[in-house]
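A.B. asks: Submitted below is the structure of interest, expressed as structure tokens.
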């Protein structure tokens, strides 16, 4: 991207780095750096405003602290993608909540295997269950790592193909029963090495964790899923209405 020479007011009481941060913030909001989302290099920004790289880094630090940009090692600095909203008052699969917002959402199957059911979940699935791991992406960027435990009867499903479809749709098609209800718990956690690597985060970075237990109409357990979600890309929304 060609940069137009720009100026900052050097005798202004507002620090130079804050003026630069303000300018870049406005340009991010206007969509100047779309569709790639990539900002110019520190050197290019420094040349544009005729300031040192130290000043540029202070400006970028400010925008990063505000959650507007992210630095990707070896790739550059990028605007943070659109925040996804997940309504909690509607029963939708994780992928469906992305798709209905018109987002370019996809699922990448990672693994599908039969495992021993954790002791505390054997009342749901018996001694064995199917574990499915998938990466959820928006515009090609990872937003969540999902792990679902499902009835072992789904072992025969071709997960290379089915792994790109919403879990609720698969359950409806294969088991022949609709999902009737789900209990969801959301909490914060630090990303372990596996989650951090999958989501492109440093180990220990804060993530949202959504735990879900879904049941078929009739009460039998349909799935037990855990999603580790990039916190800067995702919001959970719960609407309440006054009963009085």
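The values are calculated or read from the model by the stated rules, or taken from the named source; none is laboratory data. Keep in mind that what you see is a predicted model, and the values were worked out from it rather than measured. All Cβ positions, glycine included, derive from the backbone under ideal geometry; neighbour counts span all protein chains shown.
A.B. asks: Here are the criteria: (1) part of a helix (DSSP H, G or I); (2) surrounded by fewer than 16 Cβ atoms within 10 Å (Cβ to Cβ). Tell me which single one residue 115 does not satisfy.
C.D. replies: (1)
A.B. asks: Then there is this: Restricting the search to the stretch 134-158, which residues are touching a helix residue (DSSP H, G or I) at 6+ places or on another chain (Cβ under 8 Å) and in a helix (DSSP H, G or I)?
C.D. replies: Of everything in the stretch 134-158, those that are touching a helix residue (DSSP H, G or I) at 6+ places or on another chain (Cβ under 8 Å) and in a helix (DSSP H, G or I) turn out to be 152, 153, 154.
A.B. asks: Sticking with this structure for a sec: Name the one entry in 194, 160 that is assigned by TED's automatic domain parsing to the domain that holds residue 92, under 23 Å from residue 109 (Cα atoms) and in contact with a strand residue (DSSP E or B) (Cβ under 7 Å, 6 or more places away or on another chain). Before you say what the answer is, go through the steps one by one.
C.D. replies: Working: 194 fails: in contact with a strand residue (DSSP E or B) (Cβ under 7 Å, 6 or more places away or on another chain).
Step by step, each of 194, 160 is checked, and only 160 is assigned by TED's automatic domain parsing to the domain that holds residue 92, under 23 Å from residue 109 (Cα atoms) and in contact with a strand residue (DSSP E or B) (Cβ under 7 Å, 6 or more places away or on another chain).
A.B. asks: Residue 8 passes all but one of (1) surrounded by 14 or more Cβ atoms within 10 Å (Cβ to Cβ); (2) assigned by TED's automatic domain parsing to the domain that holds residue 146; (3) at pLDDT below 85; which number fails?
C.D. replies: Tallying (1) surrounded by 14 or more Cβ atoms within 10 Å (Cβ to Cβ); (2) assigned by TED's automatic domain parsing to the domain that holds residue 146; (3) at pLDDT below 85, residue 8 fails exactly one: (2).
A.B. asks: Being touching a helix residue (DSSP H, G or I) at 6+ places or on another chain (Cβ under 6 Å) and either surrounded by 12 or more Cβ atoms within 10 Å (Cβ to Cβ) or assigned to a loop (DSSP other than H, G, I, E, B) (or both), is that true of even one residue in the stretch 231-242? Give the derivation first.
C.D. replies: So the first thing to find is which residues in the stretch 231-242 are touching a helix residue (DSSP H, G or I) at 6+ places or on another chain (Cβ under 6 Å), and the list is none.
Checked the stretch 231-242: no residue is touching a helix residue (DSSP H, G or I) at 6+ places or on another chain (Cβ under 6 Å) and either surrounded by 12 or more Cβ atoms within 10 Å (Cβ to Cβ) or assigned to a loop (DSSP other than H, G, I, E, B) (or both).
A.B. asks: Does residue 114 meet the test of being in contact with a helix residue (DSSP H, G or I) (Cβ under 9 Å, 6 or more places away or on another chain), modelled with pLDDT of 85 or more and farther than 30 Å from residue 176 by Cα?
C.D. replies: Details: in contact with a helix residue (DSSP H, G or I) (Cβ under 9 Å, 6 or more places away or on another chain): yes; modelled with pLDDT of 85 or more: yes; farther than 30 Å from residue 176 by Cα: no.
In short, no.
A.B. asks: If you don't mind, another one. Every residue in the stretch 126-166 that is modelled with pLDDT of 95 or more and surrounded by fewer than 20 Cβ atoms within 10 Å (Cβ to Cβ), please.
C.D. replies: Across the stretch 126-166, the qualifying residues are 126, 127, 128, 131, 133, 135, 147.
A.B. asks: A further question follows. The conditions are (1) at positive phi; (2) modelled with pLDDT under 90, and residue 50 fails exactly one of them. Which is it?
C.D. replies: Result: residue 50 fails condition (2) only.
A.B. asks: Hey, could you check the stretch 39-69 for residues that are under 25 Å from the mean Cα position of the chain (by Cα) and surrounded by 17 or more Cβ atoms within 10 Å (Cβ to Cβ) and say which is farthest from residue 25 (Cα to Cα)?
C.D. replies: The extreme case among them is 40.
A.B. asks: Please determine, by comparing only the residues of the stretch 20-33 that are assigned to a helix (DSSP H, G or I) and without any contact (Cβ under 8 Å) to a residue 12 or more places away in the chain, which one is surrounded by the most Cβ atoms within 10 Å (Cβ to Cβ).
C.D. replies: In this case the residue turns out to be 22.
A.B. asks: Can you name every residue in the stretch 202-227 that is over 13 Å from residue 182 (Cβ atoms) and buried (at least 19 other Cβ atoms within 10 Å of the Cβ)?
C.D. replies: 207, 208
A.B. asks: Somewhere in the stretch 208-228, is a residue in contact with a helix residue (DSSP H, G or I) (Cβ under 9 Å, 6 or more places away or on another chain) and at positive phi?
C.D. replies: No, the conditions are met nowhere in the stretch 208-228.
A.B. asks: Looking at 161, 211, 185, 131 in this structure, which one is without any contact (Cβ under 8 Å) to a residue 24 or more places away in the chain and part of a strand (DSSP E or B)?
C.D. replies: Working: 161 fails: part of a strand (DSSP E or B); 211 fails: without any contact (Cβ under 8 Å) to a residue 24 or more places away in the chain; 185 fails: without any contact (Cβ under 8 Å) to a residue 24 or more places away in the chain.
Step by step, each of 161, 211, 185, 131 is checked, and only 131 is without any contact (Cβ under 8 Å) to a residue 24 or more places away in the chain and part of a strand (DSSP E or B).
A.B. asks: Every residue in the stretch 214-230 that is more than 20 Å from residue 187 (Cβ to Cβ) and either assigned to a strand (DSSP E or B) or touching a strand residue (DSSP E or B) at 6+ places or on another chain (Cβ under 6 Å) (or both), please.
C.D. replies: Selection gives 215, 216, 217, 221, 222.
A.B. asks: Restricting to the stretch 48-106, what's the tally of residues that are outside any helix (DSSP H, G or I) and either free of Cβ contacts under 8 Å to residues at least 40 places away in the same chain or more than 22 Å from residue 236 (Cα to Cα) (or both)?
C.D. replies: So the count comes out to 18.
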